[in-house]
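Notes follow once the structure below has been shown.
The values are calculated or read from the model by the stated rules, or taken from the named source; none is laboratory data. Every value quoted in this text rests on a predicted model; they were computed, and no experiment measured them. Heads up, the Cβs are rebuilt from the backbone with ideal geometry, glycines too, and the neighbour counts pull from every protein chain shown. Heads up: the accessible areas ignore ligands, DNA and RNA and are worked out on the full protein's heavy atoms, side chains in. Shrake-Rupley method; radii C 1.70, N 1.55, O 1.52, S 1.80 Å.
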Amino acid sequence: MTAVHHHFINGASFEGSSSHFSDITDPARGAVIGQVNFADNQTVEAAVSAADAAFASWAATPPLKRARVLFRFKDLLEANADKLAAAVTREHGKVLADAHGSVARAVELCEFACGAPKLLAGDFSENVAGDIDCHTVRQALGVCVGVSPFNFPVMIPVWLSAFSIACGNTFVLKPSEKDPAAPLLLAELWTQAGLPPGVFNVVNGDKDAVQTLITHPSVKAVSAVASTPVAQSIYQTAIANGKRTHTFGGAKNHALVCPDADIEDVANTIMAAAYGSAGERCMALSVAVVVGDESADKLVQTIQTNATQLTIGPGDKGNPDMGPLISREHHQRVTDYIQSGVEQGASLLLDGRDFECESSPEGFFLGPTLFDNVTPGMQIYDEEIFGPVLSVVRVDSYQTGLDLINQNRYGNGTAIFTNDGLLARDFASKVQVGMVGVNVPIPVPIAYHSFGGWKDSFFGDVHLHGEQSIQFYTKLKTISTRWPTGKTRTSLMMPSHHD
Ligand code: NAD
């Protein structure tokens, strides 16, 4: 029997009237395992109305009481980690241990969001002018919308919603249509945690649901995580409709490998960052820029040897290193990229197309793929592949490598591998990328530091995580107060703080 996923509105499962459904596929077996309903306008309207109706009361709930719900939600995430990770693995395909890691990241974000009351505190200035005090408060925005991608169906919905809710907003999530089970489970956990009906809602669907949500007059803010063209388009539409907006796009993350690094150790680190989650991470390292041929030779040899030891198979069986890609179409897309790399003159050292999964031949598996002698202008360098494909670019100096990274259109994550502190410091200062690792391959920041890229990896002004989330999900109000003393003088002049 296959599962049928609907929506979650006003504290309960919601079927709505749409007869439009889409298949959900188990990527490890290539079999249809469920269906998801695509919301029509009435369903989207019901979700936004529920969120709008819940707003006044939730915004007026003391921050500490809101934080208590978050504490309980965090506990429930931990208690249900097995169930959440299993749902992620079943529909996304990533291996179970990796799915658990993504749930743990969601928990970390909640741990920090539980401290929102302190971060929501405003400022107070006494006696800014005769008998006048001035204070600034942070207030919630209203109904916020989050659009999430397929690759982190627990972590990203929690990143987008937990702070919004902690700040007193209400939320409508539009998760990826490819893996809706885990986001619906999150909605149940929010309810169990004591969140009032209407504060967190889930609307399933595709771009049509997104379009209705981000142009809806009652929606005040939009956060989205998507491929760059989608992130850019959502940003432009939402901004044009007066929403506070930030959207997080695609990536092409470079590692800069300096000759003084322990190349074998770095090779293993880069291999894990390139092939983990089958390369379907926005922070995956997909390009290794290596300074000097000697280092490059050693790096590619080590990866070539060690990548063949990686185990690949269904993520819920036998603890493999890598699972499948999300869909048959995406598998074909990545395969086409590999072919384009061959045709455009890159050296194919490991060909993931050769891999066959004996235990699950219908799954969308691809083995680790390694290209050497990749150059800008090749499609495999210029475009985001989002698969287990690592490109090695050889450069003759640190400066050439840094310039290459800075010329790339994306700026999500990057890492330098070196033992030279001064060089690392120079890199961290000059690289035009939002998240930087120094000997850290996947520098996804802890929840209290800002998360977000630069250039075509981000559209907006304020990142996610940390105090940035508080800034994004609240608006400031400044109140000047004077209590009558009976000494008021009538003046038609511009009020100032001078006597
Ligand atoms: P996607 O762009 O296909 O879809 C993302 C979301 O947008 C989904 O909910 C989808 O239904 C919706 N959508 C799709 N087309 C739309 C359109 N035309 N208008 C409005 N909404 C639309 O992305 P995906 O394949 O689900 O996820 C992978 C992409 O997300 C990669 O490019 C990856 O780099 C990126 N990503 C970025 C980050 C980050 O933090 N920068 C994190 C994770 C994933």
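Observations, loosely collected:
- You will find that of Ala3, Ala28, Ala47, the residue that is in contact (Cβ under 8 Å) with a residue 60 or more places away in the chain and in contact with a Ser or Thr (Cβ under 8 Å, 6 or more places away or on another chain) is Ala28 and no other.
- Candidate set: region 208-221, residues that are touching a Phe, Trp or Tyr at 6+ places or on another chain (Cβ under 8 Å) and open to solvent by less than 60 Å² (accessible area, probe 1.4 Å); chosen: the one nearest to the ligand (Cβ to nearest atom): Ala209
- Long-range neighbours under 7 Å by Cβ, at least six apart or interchain, first residue open to solvent by 80 Å² or more (accessible area, probe 1.4 Å) within region 324-337, second in a loop (DSSP other than H, G, I, E, B): Arg328/Gly30; Arg328/Phe364
- Restricting the search to strands (runs of 3 or more DSSP E) fully inside region 77-150 and requiring at least 3 residues that are under 22 Å from the mean Cα position of the chain (by Cα) gives 143-147.
- Members of region 135-161 found to be more than 16 Å from the ligand (Cβ to nearest atom) and either open to solvent by less than 10 Å² (accessible area, probe 1.4 Å) or of a type in the set (Gly, Ala, Ser) (or both), listed by number: Ala140, Gly142, Val143
- Considered as a group, the residues in region 162-177 that are surrounded by 24 or more Cβ atoms within 10 Å (Cβ to Cβ) and within 14 Å of the ligand (Cβ to nearest atom) include one that is farthest from the chain's Cα centre (by Cα), and that residue is Val172.
- Of the candidates Gly276, Gly242, the single residue that is open to solvent by 10 Å² or more (accessible area, probe 1.4 Å) and at positive phi is Gly242.
- Residue identified as open to solvent by 20 Å² or more (accessible area, probe 1.4 Å), over 30 Å from Met322 (Cβ atoms) and either more than 25 Å from the chain's Cα centre (by Cα) or modelled with pLDDT of 95 or more (or both) among Phe14, Phe8: Phe14
- Considering Gly198, Gly205, Gly194, the condition of being within 10 Å of the ligand (Cβ to nearest atom) and either part of a loop (DSSP other than H, G, I, E, B) or modelled with pLDDT of 95 or more (or both) is satisfied by Gly205 alone.
- Annotation note: of Pro441, Pro445, Pro388, the sole residue that is free of Cβ contacts under 8 Å to residues at least 24 places away in the same chain and either surrounded by 17 or more Cβ atoms within 10 Å (Cβ to Cβ) or on the phi < 0 side of the Ramachandran plot (or both) is Pro445.
- Residue within region 51-71 that is in contact with a Lys or Arg (Cβ under 8 Å, 6 or more places away or on another chain) and open to solvent by less than 30 Å² (accessible area, probe 1.4 Å) present: yes
- Hits in region 437-466 (condition: among the aliphatic types (A, V, I, L, M), within 14 Å of the ligand (Cβ to nearest atom) and outside any loop (DSSP other than H, G, I, E, B)): Leu464
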